[in-house]
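Visitor: Okay, here's the structure, questions in a sec.
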Amino acid sequence: YNGCISRSKSLTDEENVKLFGKCNNPNGHGHNYKVIVTVRGEIDPVSGMVINLTDLKEYMQEAIMEPLDHKNLDKDVPYFAEVVSTTENVAVFIWENLKKLLPLGTLYKVKVYETDQNIVVYKGEETI
């Protein structure tokens, strides 16, 4: 469970209802997010892996589970005090946390499922 309120402080109550619909609940609501992390890079000839899976699990524990699992995003996670807790912003938060831990250039994609129909894919900031 991750509680979020899904409302913007910069919008009126009416604008929040129009933008967020049923997710605009002043008392918050819960989600069971599913996160898929994709890495890329050279395959180590000895291990046969791009990154050791045990290490990746530890990085994911630190970057995702510790700060977010069973938390009310808007009340318990400082990042979301000023950032609207949409699935898009959850994906950005996870990306930024993982990027600090993973070897440079190995993080390729973060995919966050809010529901089976609401999925966000984030690959970091891309320049044209």
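The values are calculated or read from the model by the stated rules, or taken from the named source; none is laboratory data. All figures in this text were calculated on a predicted structure; none of them were measured in a lab. For accessibility, only protein heavy atoms count, side chains too; no ligands or nucleic acids. Shrake-Rupley method; radii C 1.70, N 1.55, O 1.52, S 1.80 Å.
Visitor: Order the following by accessible area, largest value first: Ile64, Ile36. Probe radius 1.4 Å; ligands, DNA and RNA are ignored.
Guide: From most exposed to least exposed: Ile36, Ile64.
Visitor: Is there a pair in Lys57/Lys100; Lys34/Lys99; Lys71/Lys109; Lys75/Lys109; Lys34/Lys123; Lys75/Lys111 whose C-alpha atoms are over 22 Å apart, and which pairs would that be?
Guide: Those over the limit are Lys71/Lys109; Lys75/Lys109; Lys75/Lys111.
Visitor: Taking θ as phi - 60°, what are the ³J(HN,Hα) couplings along region 82-91 by the Karplus curve (6.51, -1.76, 1.60), each to the nearest whole Hz, with x for Gly and Pro?
Guide: Once rounded to whole Hz, the list reads 10, 10, 5, 7, 7, 4, 4, 6, 5, 4.
Visitor: When the solvent-accessible surface of protein heavy atoms is calculated with a 1.4 angstrom probe, in what order do Lys99, Lys57 fall, highest first?
Guide: Lys57, Lys99
Visitor: In whole Å, what are the extents of region 31-122 along the principal axes defined by its C-alpha atoms, from largest to smallest?
Guide: Answer, in whole Å and largest first: 45, 27, 20 Å.
Visitor: For region 64-78, what does the Karplus curve 6.51 cos²θ - 1.76 cosθ + 1.60, with θ = phi - 60°, yield as ³J(HN,Hα) per residue in whole Hz, taken in order and with x for Gly and Pro?
Guide: Going residue by residue, I get 10, 5, 4, x, 10, 5, 6, 10, 8, 3, 6, 9, 9, 10, x Hz, with x marking Gly and Pro.
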